[in-house]
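Participant: Pasting a structure here, questions to come.
The values are calculated or read from the model by the stated rules, or taken from the named source; none is laboratory data. Please read these numbers as outputs of a predicted model, since none were measured by experiment. We place every Cβ from the backbone using ideal geometry, glycine too, and count neighbours over all the protein chains shown. Please note that ligands, DNA and RNA were not included when accessible areas were found on the heavy atoms of the full protein model with its side chains. Shrake-Rupley method; radii C 1.70, N 1.55, O 1.52, S 1.80 Å.
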Amino acid sequence: MNDWINALNAFSESWLNAVWRACWQGAVALIAVWVTVKIFPQLSPSISCWLWRLAFLKLLVSFLWA
């Protein structure tokens, strides 16, 4: 039983680190897109939409990879 708990603790610690890394990297990507869209309001809506899609995809892939 003790080995099982130790394995679960090791797994949860590595999972927590991966989720934390995904959160802050996703936040940086979302902030970068938001700043880009605010600085360049003349961007076409399709480019702006694709920037947001890529930022959300980065966040989703980071969470699923974790």
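Participant: Per residue, how much accessible area does the chain have with a 1.4 Å probe, in Å²? Present the calculation step by step, with values, prior to reporting the outcome.
Facilitator: Numbers: 5390 Å² over 66 residues.
Roughly 82 Å² per residue, with all protein chains present.
Participant: Answer rounded, prolate or oblate for the chain, using the Cα gyration tensor with square roots of eigenvalues a ≥ b ≥ c: rounded when a/c is under 1.5, else prolate when a/b is larger than b/c, else oblate.
Facilitator: Working: a/c = 9.57, a/b = 3.80, b/c = 2.52.
Cα axes put the chain in the prolate bin.
Participant: Please give the helix 45-65 orientation as an angle from the longest Cα principal axis of the chain, in degrees from 0 to 90, rounded to the nearest 10.
Facilitator: Here the helix axis deviates by roughly 0 degrees.
Participant: With each label point set 7 Å from Cα along the Cα-Cβ vector, what nm distance links S44 and R21?
Facilitator: 3.7
Participant: On the accessible surface of the chain, probed at 1.4 Å, how many percent belong to carbon and sulfur atoms?
Facilitator: Solvent-exposed carbon and sulfur of the chain make up 74 percent of the total.
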